[in-house]
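The values are calculated or read from the model by the stated rules, or taken from the named source; none is laboratory data. The structure displayed is predicted, hence computed values, not measured ones. Cβ placement follows ideal geometry from the backbone for every residue including glycine, while neighbour counts extend to all protein chains displayed. What goes into the accessible areas is simple: the full protein's heavy atoms, side chains included, and nothing from ligands, DNA or RNA. Shrake-Rupley method; radii C 1.70, N 1.55, O 1.52, S 1.80 Å.
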Amino acid sequence: KNKNVKKHFKKLYASRYILLNRFTTYFVLIAAGFVYLYPMIYMIVCSVMSQNDLVDPSITWVPTGISFGNYLTAFETLDFWKSVGNSFLMVIPTAIFQTFSTAFIGYGLARFEFPFKKLWIVLIVATFLLPVNITLIPRYVLYNQYGILNTVFPQYLPALLGQGIKSTVFILMYYMVFSSYPKAFDEAAAIDGANRFKIFYKIALPMGKSTSILTVLFSIIWYWNET
C-alpha cells in the first residue's frame, strides 16, 4: 500500500511539474510575442484611422470608421514603386558585392601566408571599432572629388572592395570557416590542375555556404536600413 501511495504521489507530482513547465513556457512565449506584435498591431490600427480619429485622444484602438486613404496618400507622396525600385537597386547588388569581396579577403587571410598578416587582421578589426561618423565627412569629400555623388558608386565601391557596412564581421566569419578545413583539399585540387580561383570557387565557397547565406541576408537588412 505504501508503495502504491508513493507511486501515486510521484505521478501526481510529475503531472503537476509538467503542467507548470508548459504553463511557464507558454506564458513566456505569449509575453514575448505580445511585446513584438503590439507595436505592429497598433501601427496597423492607426494606419486605417481617419484624420479625425487620429487627433481624437479618446480613440486608441477601435476607430469610428476604416479608411484606406492613408495608404493611397502615402503611395502618391512617397512615389512608392519608384522608391522601392531604387532601394532594391541600392541593396541587392551591394549585398552580392559585399559577400564576394569579404569571401575573397577571408580566403586570402586564411589560406595564404604573407608579410605582416597579423597586422592586417588587426587593422581590419580596427576599422570595425572605428565609429562611422568619424569617416563620414572625409568619405563625402573623397566621393565629391571623384565626381560620383548622386550615383550608386559610393554604395557599390566600398562593398566591392571589402569596406561595406560591417564587412569586418563577414571577413572574420569567412576567415574562421576557411581556416577550419584541411589544406590537403587545396593541395589535392592543385595537383589535379585547378588554379587558385577554381579552388576558391569549387572547394572554399561550398565549405562556407551557410556563411554566404548569412552574409547576404544581413547585408540586405543593414543596407536596406541605411537606404
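Could you please let me know if residue 75 is part of a loop (DSSP other than H, G, I, E, B), surrounded by fewer than 17 Cβ atoms within 10 Å (Cβ to Cβ) and in contact with a helix residue (DSSP H, G or I) (Cβ under 9 Å, 6 or more places away or on another chain)? Show your work before the answer.
Values: part of a loop (DSSP other than H, G, I, E, B): no; surrounded by fewer than 17 Cβ atoms within 10 Å (Cβ to Cβ): yes; in contact with a helix residue (DSSP H, G or I) (Cβ under 9 Å, 6 or more places away or on another chain): yes.
No: the conditions fail for residue 75.
Output yes when any residue across region 84-99 is open to solvent by 50 Å² or more (accessible area, probe 1.4 Å), assigned to a loop (DSSP other than H, G, I, E, B) and farther than 16 Å from residue 219 by Cα, and no when none is. Spell out how you get there, then give the answer.
Step one: of region 84-99, the residues open to solvent by 50 Å² or more (accessible area, probe 1.4 Å) are 86, 88-89, 92, 96-97.
So of that shortlist, the ones also assigned to a loop (DSSP other than H, G, I, E, B) come out as none.
No, that holds for no residue.
Of all residues in region 21-72, how many are part of a helix (DSSP H, G or I) and free of Cβ contacts under 8 Å to residues at least 24 places away in the same chain?
Filtering region 21-72 down to residues part of a helix (DSSP H, G or I) leaves 21-47, 51-55, 69-72.
Next, only the ones that are free of Cβ contacts under 8 Å to residues at least 24 places away in the same chain stay: 21-46, 51-55, 69-70, 72.
Total satisfying the criteria: 34.
Identify, by number, the condition in (1) within 30 Å of residue 176 (Cβ to Cβ); (2) at pLDDT 85 or above that residue 114 doesn't meet.
(2)
Please verify whether region 176-186 includes one or more residues that are out of contact with any Phe, Trp or Tyr (no Cβ under 7 Å at 6 or more places or on another chain), part of a helix (DSSP H, G or I), among the aromatic types (Phe, Trp, Tyr) and open to solvent by 60 Å² or more (accessible area, probe 1.4 Å).
Narrowing region 176-186 to residues out of contact with any Phe, Trp or Tyr (no Cβ under 7 Å at 6 or more places or on another chain): 176-177, 179-186.
Now narrow it down to the ones that are part of a helix (DSSP H, G or I): 176-177, 179-180, 184-186.
Of the ones still in play, those that are also among the aromatic types (Phe, Trp, Tyr) are 185.
Cutting the leftovers down to open to solvent by 60 Å² or more (accessible area, probe 1.4 Å) gives us 185.
Scanning region 176-186 turns up at least one residue that is out of contact with any Phe, Trp or Tyr (no Cβ under 7 Å at 6 or more places or on another chain), part of a helix (DSSP H, G or I), among the aromatic types (Phe, Trp, Tyr) and open to solvent by 60 Å² or more (accessible area, probe 1.4 Å).
Residue-by-condition table, conditions (1) farther than 30 Å from residue 149 by Cβ; (2) open to solvent by 60 Å² or more (accessible area, probe 1.4 Å); (3) touching a strand residue (DSSP E or B) at 6+ places or on another chain (Cβ under 7 Å):
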| site | (1), (2), (3) |
| --- | --- |
| 38 | yes, yes, no |
| 41 | yes, yes, no |
| 49 | yes, no, no |
| 52 | yes, yes, no |
| 67 | yes, no, no |
| 103 | no, no, no |
| 111 | yes, no, no |
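Can you tell me how many residues within region 202-213 are open to solvent by 70 Å² or more (accessible area, probe 1.4 Å) and under 14 Å from residue 106 (Cβ atoms)?
Within region 202-213, residues that are open to solvent by 70 Å² or more (accessible area, probe 1.4 Å) and under 14 Å from residue 106 (Cβ atoms) number 3.
Tell me the residue from 154, 206, 138, 182 that is within 25 Å of the chain's Cα centre (by Cα) and without any contact (Cβ under 8 Å) to a residue 12 or more places away in the chain, please. So that I can check it myself, show each step before the final result.
Details: 154 fails: without any contact (Cβ under 8 Å) to a residue 12 or more places away in the chain; 138 fails: within 25 Å of the chain's Cα centre (by Cα); 182 fails: within 25 Å of the chain's Cα centre (by Cα).
206 is the lone residue from the list that is within 25 Å of the chain's Cα centre (by Cα) and without any contact (Cβ under 8 Å) to a residue 12 or more places away in the chain.
If you go through region 166-173 one residue at a time, do you hit one that is over 17 Å from residue 212 (Cβ atoms), touching a helix residue (DSSP H, G or I) at 6+ places or on another chain (Cβ under 8 Å), modelled with pLDDT under 90 and not acidic (Asp, Glu)? Working first, answer last.
Of the residues in region 166-173, the ones over 17 Å from residue 212 (Cβ atoms) are none.
No; the residues of region 166-173 include none that is over 17 Å from residue 212 (Cβ atoms), touching a helix residue (DSSP H, G or I) at 6+ places or on another chain (Cβ under 8 Å), modelled with pLDDT under 90 and not acidic (Asp, Glu).
Could you check region 148-165 and list, in sequence order, the residues that are loosely packed, with under 13 Cβ neighbours inside 10 Å and either in contact with a helix residue (DSSP H, G or I) (Cβ under 6 Å, 6 or more places away or on another chain) or at pLDDT 90 or above (or both)?
149
Quick grid of which residues meet (1) under 16 Å from residue 164 (Cβ atoms); (2) in contact with a helix residue (DSSP H, G or I) (Cβ under 6 Å, 6 or more places away or on another chain); (3) among the aliphatic types (A, V, I, L, M):
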site	(1), (2), (3)
94	yes, yes, no
98	yes, yes, no
101	yes, yes, no
104	yes, no, no
108	no, no, no
114	no, no, no
118	no, no, no
126	no, no, yes
132	yes, no, yes
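Which number in (1) open to solvent by 40 Å² or more (accessible area, probe 1.4 Å); (2) more than 22 Å from the chain's Cα centre (by Cα) marks the one condition that residue 121 misses?
With (1) open to solvent by 40 Å² or more (accessible area, probe 1.4 Å); (2) more than 22 Å from the chain's Cα centre (by Cα) applied to residue 121, the lone miss is (1).
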